[in-house]
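Here is the structure we will look at.
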Amino acid sequence: MADWDEIKRLAADFQKAQLSTGLQRLSERNCIEIVRLLIEKGLIDVIYTNDGKEYLTQDHLKQEVKDELYVRGGRVNLIELARVLNVDFGKIEYTAKRLVEKDPNLHLLLGQLIETSYLQRVASEINQKLVQYGEIHIGQLTTTYDLPTDFILNKIVLANLHKVIFAKQDPTNAHIFFTQSYIARNKAKIRGALAAITKPTPISVILNLTDVPARILYMSLNEMSSLGSVTVQSPAGQYIPHVYQRMQAQWVKDYFKQNGHIMYETVTKLGVSDVRSFVQAQLPDEKLVQLKNCIIGNRLIDQVKDSMDMCVTSNSYLDISTILPSSLSDDNIEEILTHILTPTIRKQTYVFGMVVLTVNFMDECVKGCLELVNEHAKRAVESGSYQKYIAEKSIKHQEVDHGVMEEEKADKREERRKKASTGKGGGGAQGRETKTKSTKKHARGTRGNVSDSDDGGEIHTNASNKKGGKDPHIELITAKEIAKVVEKTLEPEGLEMLAKDVANHYFPILSKQALVKAHELYEQSLQKNNQNRRQTHASIQEKLNTLYNDIRLYEKGLKLFPADVQGQLLKYLLKTFGTDACNELCLYVASECNLNTNFNAPLTTEQRTKIANDSGPEYRSHLQTLCKALSASETVEDFLDKTEKTMQACSMMLKKIDKKKDRNLILCHKHGLLEQLTNCTDPALVLHLAVLIIFTISTQTMLHASGRHVSAILTFLQTVLSTDDSKVFNNYHDLVLKLLSTESSTTEEAKANAEDITKQLGELTPVVKNIAGNFKKAGVTPVE
């Protein structure tokens, strides 16, 4: 108290000094020193301003802060307050904390001093916004008032709820508050919008049209479930009104009742996701058949079944598309047929697209093909193509058998190698066991004599696969030919478009029938050929014996002539009778070897050579030698020897030489010449026949010569003919030569000479014929 009294006294003195005249006043410096001294002694507690020119006490500072808070409406920033009061921020902050501690109506928040009156005013403003907008979010208030969210929520909104702020807190979001009138207004919008919707509508569209918050819409939808339902409570979901569902159900019922079926795609367009369950729910009393993309009723199935039974009973056909709705696709019809066709019906029908044909109807359609099958089979056998196919097939099997034999040889070599490598290791039971395993491994289907055919079949198949070659194939009838015949039958019914399908179906069957028929004809031809071959063999053998004997007898006649004439006669004999014999043998061998013998007229040298080269090994060498001998033989004996060997290769026998038959042959030959001479009018041929007759009678041998050899024969006969007869023949021969020479000339003189010569020949021809016809052998010994 003494100190305080002292302070009071000093203050009084100070005030007195200030009020005194200028001579008694203290200077500013003295005042500062006095205050500093008081502060150092702790007699006073003051606060300096930022410029150091003023002093403030704590109480005065508190009062200044309160006054400034009041002036600023109950909220002031401490930094702004320090600037306005010109006091250090630390002193201001300290003073504000002391005030907050003593006064519960004050709040220090984020460097701001806030009074409760300010909070009340903010609460009143929030209530006004709620009245204006109907809804408010704490986040918006945080931005507006620059206050923390929790502070606004707890200190302002919740503290004044139902007092200053009349609103309702959103149960799903505590930061949202709205008025009851706002909720009622939005529900009215939602109710009106939902009542007006008649088809599935996205939630986002409803939100855009009504401008209602999504949370209120979702909350209202739960309350208004009588109007419709929501797929998902999100903007991506859809609102489906019950009126639309009723419309869907009614549409499905009406459509099914009218058409007997309903397409998945059609129902999906109505907005139904699970079509099967939906249709089944709407038609609980119907027996439905679920197809890939549609649902059909039992009534439609029964209709098709009845038509199918009628088709089978009448042995006709059924076009399914005519009794089913046109909206059903081909796949739907195939599914219906699969559902309808029982195993019994399948055995009696064939399905081509949407048309069902009975077996009997199809058999009637292809009846005309049986004649075609027989015709093609016959043609294949007659042309030799089927025989070629049989030959190729036989060759293929031989190649397969050869390959199997090679494999067996290799397996046996491997077996022997294994035995050699393991045989020294021991014997007894182990040795036998090793042998048994080897036998099982390398048997290749030859287990003794049991089931050889089955194992052989497996061998052929495997070998064929290993060779990788294709089996021989022959196509006796084509699907196109079958289609032409079938089309004529189907065309009156309007089903010609199925001709190819029916033809392709019957093609394997008819091909097999054609092969069977061809094989029958082939077997018959083989039997017939065997008979013909035996007959042919005998006839060819007889013919060759005749030619052989003729050549042998003609050889005796030509040997009577000089060597130079003999060569010419030999060449002519081989060219005629020799060629005939060689041709007969070549054709016989070609027939035996199934070679192509479709040659025109007599065989040429090239054709004979080709047959000889292509013939079998048992014929080839003999036939090649004979063909060469035909042009290279110098004697008849050489040619006949090669002919005999070739005949032996062909299993033909030569008859023994019978001199009595030879004489009969010569006699028959003479009579034949005489008969020809009697009927002949050509001078050249008359001369030719006459000299041959005289030669045969005089020598008792046969001669085969051409017209160019007549001069040589006349020369030989000079010793046989009388002088008069010889003159007649020589004269006749000269006239024939002149006539032949004049025939090539076209002059008038040549024609006149030809007429004169012809006249002379006409006079001499009976004389020549008479000489030859009455000629008798005289004194000439026949050559044996």
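Residues that are loosely packed, with under 10 Cβ neighbours inside 10 Å and not in a helix (DSSP H, G or I) were ranked within the stretch 1-44; the one that is modelled with the highest pLDDT is Lys41. Among residues that are touching a residue at least 40 places away in the same chain (Cβ under 8 Å) and open to solvent by 60 Å² or more (accessible area, probe 1.4 Å), Lys91 is included.
Scanning the stretch 50-71 for residues that are under 29 Å from Arg29 (Cβ atoms) and open to solvent by 70 Å² or more (accessible area, probe 1.4 Å) yields Asn50, Asp51, Lys53, Glu54, Tyr55, Asp59, His60.
Look through the stretch 256-268, keep the residues that are within 21 Å of Asp331 (Cα to Cα) and without any contact (Cβ under 8 Å) to a residue 12 or more places away in the chain, and return whichever of them is surrounded by the fewest Cβ atoms within 10 Å (Cβ to Cβ). So, considering only residues that are within 21 Å of Asp331 (Cα to Cα) and without any contact (Cβ under 8 Å) to a residue 12 or more places away in the chain, the one surrounded by the fewest Cβ atoms within 10 Å (Cβ to Cβ) is Thr268. Of all the criteria given as (1) under 29 Å from Phe256 (Cβ atoms); (2) of a type in the set (A, V, I, L, M); (3) over 28 Å from the mean Cα position of the chain (by Cα), the one not satisfied by Met362 is (1).
Evaluation of Asp363 against the conditions (1) open to solvent by less than 60 Å² (accessible area, probe 1.4 Å); (2) at pLDDT 75 or above shows that the sole unmet condition is (1). Across the stretch 153-175, the qualifying residues are those that are assigned to a helix (DSSP H, G or I) and not basic (Lys, Arg), and the one among them that is farthest from Arg75 (Cα to Cα) is Leu158. If only residues of the stretch 538-588 that are in contact (Cβ under 8 Å) with a residue 24 or more places away in the chain and of a type in the set (Ser, Thr, Tyr) are counted, the one that is surrounded by the fewest Cβ atoms within 10 Å (Cβ to Cβ) is Thr576.
Just the residues that are polar (S, T, N, Q) and over 38 Å from the mean Cα position of the chain (by Cα), please, taken from the stretch 299-316. Once the filter is applied, which keeps residues that are polar (S, T, N, Q) and over 38 Å from the mean Cα position of the chain (by Cα), the stretch 299-316 yields Thr313, Ser314. Among the criteria (1) modelled with pLDDT of 75 or more; (2) surrounded by 14 or more Cβ atoms within 10 Å (Cβ to Cβ); (3) farther than 24 Å from Val312 by Cα, the one Glu371 does not fulfil is (2).
Filtered by the rule that a residue be farther than 15 Å from Ser631 by Cα and of a type in the set (Val, Ile, Thr), the stretch 577-594 gives a lone residue, Val589. Suppose we filter the stretch 95-106 for residues that are surrounded by fewer than 14 Cβ atoms within 10 Å (Cβ to Cβ) and of a type outside the set (D, E, K, R); how many remain? Total satisfying the criteria: 2.
For the stretch 281-300, the set of residues classified as crowded, with 18+ Cβ neighbours inside 10 Å and within 18 Å of Thr342 (Cα to Cα) consists of Leu291, Leu300, listed by residue number. Taking the listed residues Leu603, Leu630, the one that is open to solvent by less than 80 Å² (accessible area, probe 1.4 Å) and closer than 19 Å to Glu592 by Cα is Leu603, with no other qualifying. So which residues in the stretch 692-708 are part of a helix (DSSP H, G or I) and open to solvent by less than 10 Å² (accessible area, probe 1.4 Å), if there are any at all? Scanning the stretch 692-708 gives Ile693, Ile694, Phe695, Thr696, Ser698, Thr699.
Residue-by-condition table, conditions (1) in the same structural domain as Leu110 (by the TED database); (2) closer than 22 Å to Tyr133 by Cβ; (3) modelled with pLDDT of 75 or more; (4) aromatic (Phe, Trp, Tyr):
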{"site": "Tyr145", "(1), (2), (3), (4)": "yes, yes, yes, yes"}
{"site": "Lys163", "(1), (2), (3), (4)": "yes, yes, yes, no"}
{"site": "Phe166", "(1), (2), (3), (4)": "yes, yes, yes, yes"}
{"site": "Arg191", "(1), (2), (3), (4)": "no, yes, no, no"}
{"site": "Thr201", "(1), (2), (3), (4)": "no, no, no, no"}
{"site": "Val212", "(1), (2), (3), (4)": "no, yes, no, no"}
{"site": "Ser226", "(1), (2), (3), (4)": "no, no, no, no"}
{"site": "Ser229", "(1), (2), (3), (4)": "no, no, no, no"}
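Just wondering, is there one or more residues in the stretch 715-726 that are more than 21 Å from Phe561 (Cβ to Cβ), assigned to a helix (DSSP H, G or I) and open to solvent by 60 Å² or more (accessible area, probe 1.4 Å)? Yes, the conditions are met somewhere in the stretch 715-726. Among (1) at pLDDT below 75; (2) exposed (fewer than 15 other Cβ atoms within 10 Å of the Cβ); (3) more than 46 Å from the chain's Cα centre (by Cα), where does Arg246 come up short? For Arg246, the exception is condition (1). Checked against (1) at pLDDT 85 or above; (2) loosely packed, with under 14 Cβ neighbours inside 10 Å, Gly74 passes all but a single condition, namely (2). Scanning the stretch 647-677 for residues that are open to solvent by less than 70 Å² (accessible area, probe 1.4 Å) and of a type in the set (Lys, Arg) yields one hit, Lys670. Residues in the stretch 107-152 that are within 12 Å of Phe177 (Cβ to Cβ), in a helix (DSSP H, G or I) and open to solvent by less than 20 Å² (accessible area, probe 1.4 Å): Ala123, Ile126, Leu130, Ile138, Leu141, Ile152. In the stretch 626-658, which residue that is charged (D, E, K, R) and assigned to a helix (DSSP H, G or I) is nearest to the chain's Cα centre (by Cα)? Checked the stretch 626-658; the qualifying residue nearest to the chain's Cα centre (by Cα) is Lys628. Would you say Leu689 is touching a Ser or Thr at 6+ places or on another chain (Cβ under 8 Å), part of a helix (DSSP H, G or I) and open to solvent by less than 80 Å² (accessible area, probe 1.4 Å)? Answer is no for this residue.
The values are calculated or read from the model by the stated rules, or taken from the named source; none is laboratory data. Because the structure is a prediction, the values reported are computed rather than measured. Please note: Cβ atoms are built from the backbone with ideal geometry, for glycine as well, and neighbour counts cover all protein chains shown. Accessible surface areas use protein heavy atoms only, side chains included; no ligands, DNA or RNA. Shrake-Rupley method; radii C 1.70, N 1.55, O 1.52, S 1.80 Å.
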